[in-house]
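Q: Sharing a structure, written as structure tokens. Questions coming.
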Amino acid sequence: MQPRTPQSPGVRPPSTSRRPFSRLAGSLLAAAAALALACGYETEGRERDGEGGIPVVEAVEARSGTLPLEERLTGVVKAENQVAIRPQVSAPIVEVMVRNGEAVERGQPLVRLDDSTVREQQRQAEADHRLAQAAWAEEQAGVAELEALVTRTRALHAQELVSELELETQEAQLAGQRAAAAQAEARVEQAASTVAERRAALDRAIVRAPVDGHVGDRNAEVGMLAGTDSVLFLIGDLGSLRIEVPLTEGMLGYVEVGQPVRIEAPSLAAPIEGTLSRISPFLTENSFSTIGEIDVANRGDRLRPGMFVTVDILYGESEQATLLPTSTLWEDPETGEIGIYVAPEMGRIAVETDETVDQTIQPVAFRSIEVLAEGRATIGVRGVEAGEWVVTVGQHMIASRDEPGAVVRPTTWTRVLQLQDLQREDVLRGFLDKQQRLSRGARDSDTRPLSGPPSRTAGSPSTF
């Protein structure tokens with residue numbers, strides 16, 4: 001089976017690769033656990049009801065249809081412009097001005113650090129600046145004095161009243177004084193720069209929000225020593241989120257920007273639909289993977305930064321195939337062969353789940369199949385035709401018997417898919433409730449008079 005979407009050369013689609021078998025292992029275990037918990041105690045009673053311990057199993061009718069091709073990944077929710085807030089100087093915290101969950105604006109103060117040391121350094125820098133200015137003024141006065149002296153000496157030299165040597169000496173002294181004045185001016189500029197630096201350090205003692213957003217993950221308390229490597233807060237825009245998912249080198253052959261995605265999480269009442277927004281063109285050297293990003297509008301604050309979510313990327317659709325629930329698959333524990341149990345004489349019958357189970361024993365045969373594509377709870381296979389009835393609950397009871405026969409009860413696709421979708425907690429809760437009901441029924445049966453009407457026990461058919 002080939003997917004309808006174009007595939008890059010060298011990339012095997014799920015229909016021709018053995019990837020579904022490895023991916024189906026987890027799905028098969030999950031479905032088996034759910035169905036075993038949901039129906040195991042019930043089918044125990046059905047096996048006792050059959051003649052000579054014949055098991056009672058459930059079967060579903062195979063369908064024909066198409067199957068969406070999807071890649072299931074785990075993503076991490078991140079806020080837009082999510083940044084970690086660190087102080088630029090190391091100092092104890094004297095005031096925390098915001099709390100978790102509060103909205104802040106860019107430039108708003110968040111934390112004030114102890115600035116006593118910085119203030120003292122600033123005062124000293126300002127004093128050094130004043131000293132440098134005074135020294136510069138003194139040097140400038142010396143330059144003015146020597147300039148006047150040299151001017152008079154030149155006039156006297158013109159009248160041949162002073163020697164050439166005296167004039168040259170005074171001119172040399174003037175040059176030296178000018179150099180000293182230039183050095184003093186440079187020291188003034190240096191001191192002014194130090195003052196500006198100390199003022200900036202004093203301003204950095206107040207940690208401010210670099211962006212608009214909401215504050216979270218607070219790790220700032222009064223008295224705590226905050227270093228330049230200390231993360232005090234996380235700030236991000238909760239109204240606009242992105243979900244990052246890892247993409248392997250092989251996935252890049254069929255996963256593309258713009259493909260639809262489905263996002264699920266335990267906190268979501270319903271899946272969120274979206275599209276793959278961006279794919280980083282750079283692969284990491286060690287894992288040979290990259291990051292895909294999905295932009296999500298966080299309406300109703302359903303998602304939170306840091307949450308793990310399940311992301312299904314829908315990258316195509318299979319051709320027409322025979323469809324079965326995932327729970328119909330059975331792996332032979334001895335040979336490891338994957339296949340299904342088919343009830344060939346079941347035929348097309350009406351499904352009446354509320355009626356008493358027919359006790360007619362029917363042959364049930366194991367059949368190897370080829371898994372062509374895998375969906376969330378459905379698989380596309382080759383080796384079985386639409387309309388055939390396939391066992392979905394009770395395969396373990398058939399496999400443990402030498403004679404492949406069973407009482408086959410028809411069930412609906414809806415019921416099977418609901419059982420597969422049950423969360424572990426729901427299955428366990430339902431299983432415990434069923435045990436309690438059956439236990440109460442058994443106690444009622446023990447206390448009921450022998451001549452009375454029979455009570456409904458664990459062997460009686462019921463639905464989960």
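The values are calculated or read from the model by the stated rules, or taken from the named source; none is laboratory data. Note that this is a predicted model, so its numbers are computed, not measured. Counting neighbours? That spans all protein chains shown, and the Cβs are built from the backbone with ideal geometry, glycine included.
Q: If you check A84 against the conditions, is it assigned by TED's automatic domain parsing to the domain that holds D295, outside any helix (DSSP H, G or I) and surrounded by 16 or more Cβ atoms within 10 Å (Cβ to Cβ)?
A: Criteria not met by A84.
Q: Looking at (1) within 28 Å of M97 (Cβ to Cβ); (2) of a type in the set (V, I, T); (3) in contact with a Phe, Trp or Tyr (Cβ under 9 Å, 6 or more places away or on another chain), which is the one condition that is false for V255?
A: Going through the list (1) within 28 Å of M97 (Cβ to Cβ); (2) of a type in the set (V, I, T); (3) in contact with a Phe, Trp or Tyr (Cβ under 9 Å, 6 or more places away or on another chain), V255 breaks only (1).
Q: For S240, state whether it is touching a Lys or Arg at 6+ places or on another chain (Cβ under 9 Å), loosely packed, with under 15 Cβ neighbours inside 10 Å and polar (S, T, N, Q).
A: no
Q: Give the residue that is modelled with the lowest pLDDT, with candidates limited to residues of segment 408-439 that are under 30 Å from P271 (Cβ atoms) and among the β-branched types (V, I, T).
A: Applying the filter and picking the extreme gives V427.
Q: Name, by its number, the condition in (1) more than 30 Å from V390 (Cβ to Cβ); (2) surrounded by fewer than 16 Cβ atoms within 10 Å (Cβ to Cβ) that does not hold for S64.
A: S64 satisfies all of (1) more than 30 Å from V390 (Cβ to Cβ); (2) surrounded by fewer than 16 Cβ atoms within 10 Å (Cβ to Cβ) except (1).
Each row is one residue, and each column tells you yes or no for (1) in contact (Cβ under 8 Å) with a residue 40 or more places away in the chain; (2) acidic (D, E).
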site: G65; (1), (2): yes, no
site: P87; (1), (2): yes, no
site: S90; (1), (2): yes, no
site: M97; (1), (2): no, no
site: E105; (1), (2): yes, yes
site: V111; (1), (2): yes, no
site: Q122; (1), (2): yes, no
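Q: Which of the residues spanning segment 275-315 are outside any loop (DSSP other than H, G, I, E, B), among the small types (G, A, S) and at positive phi?
A: G300
Q: Can you find a residue that is surrounded by 13 or more Cβ atoms within 10 Å (Cβ to Cβ), in contact (Cβ under 8 Å) with a residue 24 or more places away in the chain and either aliphatic (A, V, I, L, M) or not in a loop (DSSP other than H, G, I, E, B) (or both) anywhere in segment 159-171?
A: Yes, the conditions are met somewhere in segment 159-171.
Q: I would also like to ask the following. Of the conditions (1) hydroxyl-bearing (S, T, Y); (2) closer than 30 Å to R376 by Cα; (3) in a loop (DSSP other than H, G, I, E, B), S240 satisfies every one except a single condition; which number is it?
A: Result: S240 passes all but (3).
Q: Only one of M224, M251 is more than 15 Å from the chain's Cα centre (by Cα), farther than 24 Å from L69 by Cα, hydrophobic (A, V, I, L, M, F, W, C) and not assigned by TED's automatic domain parsing to the domain that holds A125. Can you tell me which?
A: M224
Q: For the subset of segment 387-407 comprising residues that are modelled with pLDDT under 85 and of a type in the set (G, A, S), which member is farthest from E334 (Cα to Cα)?
A: G405
Q: OK, next. How many residues, within segment 275-324, are surrounded by fewer than 14 Cβ atoms within 10 Å (Cβ to Cβ) and touching an Asp or Glu at 6+ places or on another chain (Cβ under 7 Å)?
A: 2
Q: Within segment 177-214, track down each residue that is of a type in the set (D, E, K, R), without any contact (Cβ under 8 Å) to a residue 60 or more places away in the chain and within 27 Å of R106 (Cβ to Cβ).
A: Result: D203, single match.
Q: Considering segment 164-210 alone, what residues qualify as being closer than 29 Å to R86 by Cα and of a type in the set (K, R)?
A: Scanning segment 164-210 gives R198, R199, R204, R208.
Q: Under the condition of being under 14 Å from the mean Cα position of the chain (by Cα) and in a loop (DSSP other than H, G, I, E, B), which residue from segment 255-274 is surrounded by the most Cβ atoms within 10 Å (Cβ to Cβ)?
A: Among those that are under 14 Å from the mean Cα position of the chain (by Cα) and in a loop (DSSP other than H, G, I, E, B), it is A265.
Q: Moving to a separate point now. Scan segment 172-226 for residues that are outside any helix (DSSP H, G or I) and farther than 26 Å from I93 by Cβ and report the count.
A: Qualifying residue count, segment 172-226: 0.
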